[in-house]
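The values are calculated or read from the model by the stated rules, or taken from the named source; none is laboratory data. Nothing here was measured: the structure is a model prediction, and the numbers come from that model. Note: ideal-geometry Cβ built from the backbone for every residue, glycine included; neighbour counts use all protein chains shown.
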Amino acid sequence: MASNTKYGSVVCLLVLGVLTTPIASVYTLTDQGGLGARFDGVGGLSGGGATSRLLVSYPEPYRSQILDYLFKPNFGAALQILKVEIGGDAQSTDGSEPSHMHSADDQNYTRGYEWWLMREAKKRNPSIKLYGLPWAFPGWVGGGEAFPYHRPETTANYIVNWILGAKTIHGLTIDYVGIWNERIHDVTYIKTLRKTLDDNDLGHVMIVAPDGGWVQISKDIMADPELAAAVDIIGSHYPGTHSAPMAQQTGKTLWSSEDYSTYNNGTGASCWARILNQNYVNGHMTSTISWNLIASYYDDLPFPRAGLMTANQPWSGHYEVSDPIWVTAHTTHFTSPGWQYLKGVGHLDGGGSYVSLTDGKGGLTIVIEAMTHQYSQCVRPLLPPYDVKSGQVATFQLGGAFENITRLHRWDSKFIGSLAEHFQKQDDLLVSGGKFSIAVAENCLYTLTTVKEDAPKLYPNPPKSAPFPLPYKAKFDGPADSSEAPYFADQTGVFELYVNESSSDHVGTLRQNLTERPIVWCNDADSAISVIGDYNWSNVSVSCDVMVESGGGAFVAARVDRGGCDVRQARGVFFWLLEDDTYNWIVSSDLSRNHILGQGKVNATIVGQWHKLTLYAKGDSVAGFLNDGKVLFDITDAQLPTKNGFAAIGTLGFQKVQFDNFAVDKSK
C-alpha cells in the first residue's frame, strides 16, 4: 500500500477532467422489498499443494507480520475464511502434506504446519471460519483400492478424526468440510460422512460438495432428498463468475470454493477484484476462496507467486505484500460474514460491476470495480471479451434504511500503470437526498461505506531479498513448529523430524515415514523426494548421512529440475545407495533411474548402518564419494540433462530411511 494519496486522487478521481461526454447511469440501492443472499466471507486456501510450506520457517518478527497481513482484522487482507488441506501423504500441486494417520493404528495431530496456521489465524481473528478438504488419502484408507469411497465408513471416520483432533488437541472448531478435491463425488460417501459427523456431535460442521463442478452434484441433489439434506453448500472451482442454472435451482448456498490461482501482480489483483464482485453478480456465489493463501513455496515449483502475497525467503526474512491483499481489504474491512447482499447488485452500463451489502442495522458497503478485459485475465478459466468504457459516472439512489445517509467513507485502488495506488483513503463522499455520483475510471476499485476506519499503520519494509545461503547445514535437532525440517519441500513421501533414541551420534534425524503408496491426487513418483534451495544452483556439493532402516535405498541429488505433479519426470544428478546384491550404488540422470550414468558394488552393509553420501557437480563433471573416502564415480559428460536445479534427498520406493548432517555448498 502506498503512502502518497495524491496519486490515488489523480488516478481514480479526476478522470472527468479529460472527458467530454461521460456515460451517466442511475442505480437504486434499497432494502425495501427484501434483501439478497447472506454474505459468507472471502477466504484463502493454504495447501492444495504445500503452498504455505516455507512460512512456518520465517524468523520473528517477520513471521508474525506476515500473519497479521493475512488475518488481522482491519489491517491487511483480514480474511474471513481459512481453508486448509487435510494432508494425505501425497503430492497435491507444489508438494505433499502429511496425514494425521499414516496407518490405521496411527494418530498424530501435530504433523505439518496447517494446525499451527489455523491457530495463528484464530489468534488474530477469533471469528474466522475454518474449512478442511482432502486432496489425497493414505493408502490404508482404500483397503488396497486406489479410491477412498471403496470403504465409505473408513474414509468418513478418517476425516472425522481430523476434525476431532483439531478440537481436542488444538482447540479449533472446524466449520466446513469437503469431500475430495476436484475428483468425482460419491453419494453414499457424502451421506455416510454426514451421519458420522452427527454421531460424533459435529452437527455444526457443514458439508461442501463437490469442490469441483456444478452439474452432477446438482442433479444428484435434485434427485435425492437425503443427499440434499446432507449437503449444505455447493462449492465449485474456477467458475468464471457463473454458476449453473441447476445449481441455483437446488436452493443451496453456492460458493466459489477455489478461485484466482493467478500471478499476484497488478493483473492478478485486477482478476481478483473482478471475480470477488462478479461471482455474486453473475453466479450468486456468496463466498470466494483464493488458491492460494500465500505463495510460500519455491518460485520454481508450479504456479509461482499465485497467492494473495508472497513469502518464500525465510532465510532472509523478505516478503512482499502483494496487490491482491489490498483488493481483499476493499471487501473484508467493511463487511462481515452474516451481512447480506442487497438486491441492488449488477453490471455498470459502461462495463464493470457493483455489489452492495448491509449489516441489517442501516450499515451499507458498496464495492465498485471497472477492470478491463486486458488487465484482469485470470489463469483460469478463459475470460470472454468485453469492453469497459471510459468516462462512466455512476449515480446511486439510496432508499429504505439508507435514505438518510449523508456521507460515505471512500477508499480507492488502481493496480495497473505507473500511477498505481493501493487502498487509498479519500475524502468522504457527500450524499444529498439519498443520491450521490461517482466517476468510475478504468481499472479502478472503489469502496463506499458507512463503516469508519482509519488507514492501517503498516509494518516497516521487511529485509531485502537474498539468495538461499551457502554453505547450508542441517542437523535436524531441536524443537520446531512443524514436523518437517526447515526449507525442505517434500514432493513425494513424508519427511518428518525424528528422535532416534537408539543412537548417540544421530539422535535428531529426518525420517521418510511412508511405507505404502497413498491414494494420490497427482501421479506421484515411485521414489520419495524432498527438494531444497535455489533452482539456479549449478556447481554444488551435496552431502548427507543416510541410514536405510529395513530395505530399499536412499539418495542425494543436485540440479533437480522440477517438482510438483511432474516430479516423476524429474531430471538431475541422483546418487543412490541401495540394498541390492548386484549394484549397491548407482548414479542416474533422472529420478526414475531410466538413465544410468554409472553403477557398481561396494563391500559395505547397507541396511541398519549409517553412511555418508557426497555428490559433487561442477560443469560437465559429477563425482560421488562414500564415507569421506572411497570415490565411487567421477564422470564427465557434456550431455548431462540439467545444468542447474534444486538439491534433494530421497528414498527408493516407500521405505523408512533416516537422514542427518545434510550439507550443501559451492563446489571447489
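Figures for the structure shown
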| quantity | calculated |
| --- | --- |
| Residue check, residue 581 surrounded by fewer than 20 Cβ atoms within 10 Å (Cβ to Cβ) and under 31 Å from the mean Cα position of the chain (by Cα) | no |
| Restricting segment 516-567 to residues that are among the basic types (Lys, Arg) and outside any strand (DSSP E or B), the residue that is nearest to the chain's Cα centre (by Cα) | 562 |
| Count of segment 38-88 residues which are of a type in the set (Lys, Arg) and part of a helix (DSSP H, G or I) | 1 |
| Some residue of segment 345-358 being modelled with pLDDT of 95 or more and in contact with a His (Cβ under 7 Å, 6 or more places away or on another chain) | yes |
| Some residue of segment 193-201 being under 30 Å from residue 78 (Cα atoms), in the same structural domain as residue 96 (by TED's automatic domain parsing), in contact (Cβ under 8 Å) with a residue 12 or more places away in the chain and not in a loop (DSSP other than H, G, I, E, B) | yes |
| Failed condition for residue 391, given (1) modelled with pLDDT under 95; (2) in contact with a Gly (Cβ under 7 Å, 6 or more places away or on another chain); (3) crowded, with 18+ Cβ neighbours inside 10 Å | (2) |
| Residues of segment 435-481 satisfying the condition of being among the charged types (D, E, K, R), in a loop (DSSP other than H, G, I, E, B) and over 26 Å from the mean Cα position of the chain (by Cα) | 442, 452, 453, 454, 457, 475, 477 |
| Subset of segment 184-234 [of a type in the set (Lys, Arg) and buried (at least 18 other Cβ atoms within 10 Å of the Cβ)] | 191, 194 |
| Unique residue being more than 22 Å from residue 208 (Cβ to Cβ), part of a loop (DSSP other than H, G, I, E, B), touching a residue at least 24 places away in the same chain (Cβ under 8 Å) and assigned by TED's automatic domain parsing to the domain that holds residue 51 when the list is 304, 324 | 304 |
| Per-region count, segment 107-131, residues among the basic types (Lys, Arg), buried (at least 17 other Cβ atoms within 10 Å of the Cβ) and part of a helix (DSSP H, G or I) | 2 |
| Exclusive hit being farther than 30 Å from residue 566 by Cα and either among the small types (Gly, Ala, Ser) or buried (at least 24 other Cβ atoms within 10 Å of the Cβ) (or both), set 136, 104, 50, 78 | 78 |
| Selection count where residues are more than 27 Å from residue 223 (Cα to Cα) and assigned to a helix (DSSP H, G or I), scope segment 152-189 | 11 |
| Which listed residue, of 361, 389, is touching a strand residue (DSSP E or B) at 6+ places or on another chain (Cβ under 9 Å), of a type in the set (Lys, Arg), in a loop (DSSP other than H, G, I, E, B) and assigned by TED's automatic domain parsing to the domain that holds residue 24 | 389 |
| Qualifying residue in segment 611-620 (condition: at pLDDT 95 or above, of a type in the set (Lys, Arg) and at positive phi) | no |
| Within segment 360-388, tally of residues that are of a type in the set (Gly, Ala, Ser) and surrounded by 14 or more Cβ atoms within 10 Å (Cβ to Cβ) | 3 |
| Scope segment 200-225; condition closer than 17 Å to residue 156 by Cβ and either hydrophobic (A, V, I, L, M, F, W, C) or out of contact with any helix residue (DSSP H, G or I) (no Cβ under 6 Å at 6 or more places or on another chain) (or both); matching residues | 201, 202, 203, 204, 205, 206, 207, 208, 209, 211 |
| Criterion (modelled with pLDDT of 95 or more and in a loop (DSSP other than H, G, I, E, B)) met by exactly one of 267, 262 | 262 |
| Complete set of residues in segment 443-493 that are of a type in the set (Gly, Ala, Ser) and either touching a helix residue (DSSP H, G or I) at 6+ places or on another chain (Cβ under 7 Å) or closer than 22 Å to residue 420 by Cα (or both) | 455, 482 |
| Residue in segment 568-578 that is surrounded by the fewest Cβ atoms within 10 Å (Cβ to Cβ), counting only those that are more than 30 Å from the chain's Cα centre (by Cα) and within 21 Å of residue 524 (Cβ to Cβ) | 578 |
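Residue by residue, here is whether (1) outside any loop (DSSP other than H, G, I, E, B); (2) in the same structural domain as residue 592 (by TED's automatic domain parsing); (3) over 14 Å from residue 579 (Cβ atoms); (4) in contact (Cβ under 8 Å) with a residue 12 or more places away in the chain holds:
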site: 604; (1), (2), (3), (4): no, yes, no, yes
site: 611; (1), (2), (3), (4): yes, yes, no, yes
site: 614; (1), (2), (3), (4): yes, yes, yes, yes
site: 622; (1), (2), (3), (4): yes, yes, yes, yes
site: 634; (1), (2), (3), (4): yes, yes, yes, yes
site: 644; (1), (2), (3), (4): no, yes, yes, yes
site: 648; (1), (2), (3), (4): yes, yes, yes, yes
site: 654; (1), (2), (3), (4): no, yes, yes, yes
site: 660; (1), (2), (3), (4): yes, yes, yes, yes
